[in-house]
Amino acid sequence: MYNVLMFVDSGVDDAFALMYALLHPEIKVVGVVSGYGNITKEESVAHTAYLLNLAGKRDIPIIAGSSGPLSGEPAQFYPEIHGKGGFGPIQPPNNSKEVNVYDINKIIEIVTTYPKNLIIVGVGRQTDVALPLIIYGSEVYQNINALYIMGGAFLGPGNVTPEAEANFYSDPIAANQVMEKAKNIYLHPLNITSRALIPPKVISYIAEKGKSPFNHIIKPAYDYYLNAYKKNVPGIKAAPLHDVLAVSAIVNPNLVTYVPRRVTVEQFGSARGKSIADFRPKPTQEPEETLDWIGMDADIPAFIEDFTLTFMREITSK
């Protein structure tokens, strides 16, 4: 069993990642940090509470995340991708003020509760993952097993600028703090997550045959997301569920092929948010403790199979 602390914004793809984690029998979600990203912090908290309620997991603590990036700039949202409410056509009750949430100290409590037995998953902006490193120092995560992150783009284009992926671009300061200070990072960039295409027929099959408490929202949320992608990526036939791949990689160790490289993130200027690593045939030697694991290939058929089997499940007690 993998104890997992999720960092999400609970827009469409983050929501699918959280649903996957709640459904998978080998994952125990021990907390959800819910902050801004593709949607506002308030919407994120409300969506997370909605999903936990559907799953019958109201005991999982929700930690209120940040409202914007470390730079103090206004957060940028993407309603054209995720819908005005952030969850496609789904309208969860916007009752974030009524939801019982914890502050950032709850993160430290959870990390302390599961020494050497906790994985952190960051599939949104890296602001909230970075804050404990800034407030408490680089040793704050020393007793976790690993960080599984969705972010960056290598040897290929970004999705917000020609070079930058959205999670890193939206708070490059936080992303660089995480990549430089945290250890044992497994990074899942656009070059593999853009291939994590779940066919519409799979979604339709799950919606028709599945037994999960999320069945009634999976297809409308996915369809909205796919239609948004079709406007931006002409000819695309299926929507990439970037964030689910990062969670699936935890329980499927052979799913992603990684290479060790030191990753930094450009924080300013026209290359803001660009993820940088040395892919020359003879890269500069870096201290082993600075190396991160960059996903460079993924077994997509295996991912689709795992996604299908997981979303066909009923919620089990963990």
Task: Eligible lysines near Lys237 by straight Cα distance, threshold 20 Å, same-chain separation 8 or greater - done: Lys201, Lys219
Task: Whole-Hz ³J(HN,Hα) from phi, Karplus 6.51 cos²θ - 1.76 cosθ + 1.60, for the stretch 127-136, glycine and proline x - done: 3, 6, 5, 6, 4, x, 5, 6, 6, 10
Open item on the list: What does the C-alpha gyration tensor say about the overall shape of the stretch 1-147? Classify as rounded when a/c is under 1.5, otherwise prolate if a/b is larger than b/c, or oblate.
Closed with: oblate
TODO: Keeping the other protein chains in place, figure out the carbon and sulfur percent of the accessible area of the chain, with a 1.4 Å probe.
DONE: 51 percent
Open item on the list: Give me log10 I(q)/I(0) at q = 0.12, 0.21, 0.23 Å⁻¹ for the stretch 213-318, Debye formula, one equal scatterer per alpha-carbon, no solvent.
Closed with: -0.65, -1.20, -1.26
Task: Mean residue ellipticity (222 nm) of the chain, computed from DSSP H runs ≥ 4 via -39,500 (n - 2.57), nearest 500 - done: -11000 deg cm²/dmol
- [ ] Above 14 angstrom, tally the Cα pairs of the stretch 162-212 and express them as a % of all pairs, no decimals.
- [x] 69 percent
Task: Label-zone membership for the stretch 117-131, site Thr161, 7 angstrom Cα→C-beta point, backbone N under 17 Å - done: 126
TODO: Name all residues of the stretch 127-143 having a backbone nitrogen under 11 Å from the label point set 7 Å from the Cα of Ile108 along its Cα→Cβ direction, giving them as ranges.
DONE: 132-133, 135-137, 140
- [ ] Between Asp278 and Lys183, take the C-beta separation as r, use R0 = 22 Å, and let me know the FRET efficiency to the nearest 0.05.
- [x] 0.70
- [ ] Give me the accessible area per residue for the chain, probe 1.4 Å, as a whole number in Å².
- [x] 42 Å²
- [ ] Counting other Cβ atoms within 10 Å, keep those with at most 15, restrict to DSSP loop, and tell me which trypsin sites (Lys or Arg not before Pro) in the stretch 237-303 are left.
- [x] Lys237
Task: Normalised convex hull volume, the chain, alpha-carbon set, Å³ per residue - done: 124 Å³
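The values are calculated or read from the model by the stated rules, or taken from the named source; none is laboratory data. Note that the coordinates shown come from a computational prediction; the quantities given were computed from them, not determined experimentally. Neighbour counts run over all protein chains shown; Cβ positions are idealised from the backbone, glycine included. What goes into the accessible areas is simple: the full protein's heavy atoms, side chains included, and nothing from ligands, DNA or RNA. Shrake-Rupley method; radii C 1.70, N 1.55, O 1.52, S 1.80 Å.
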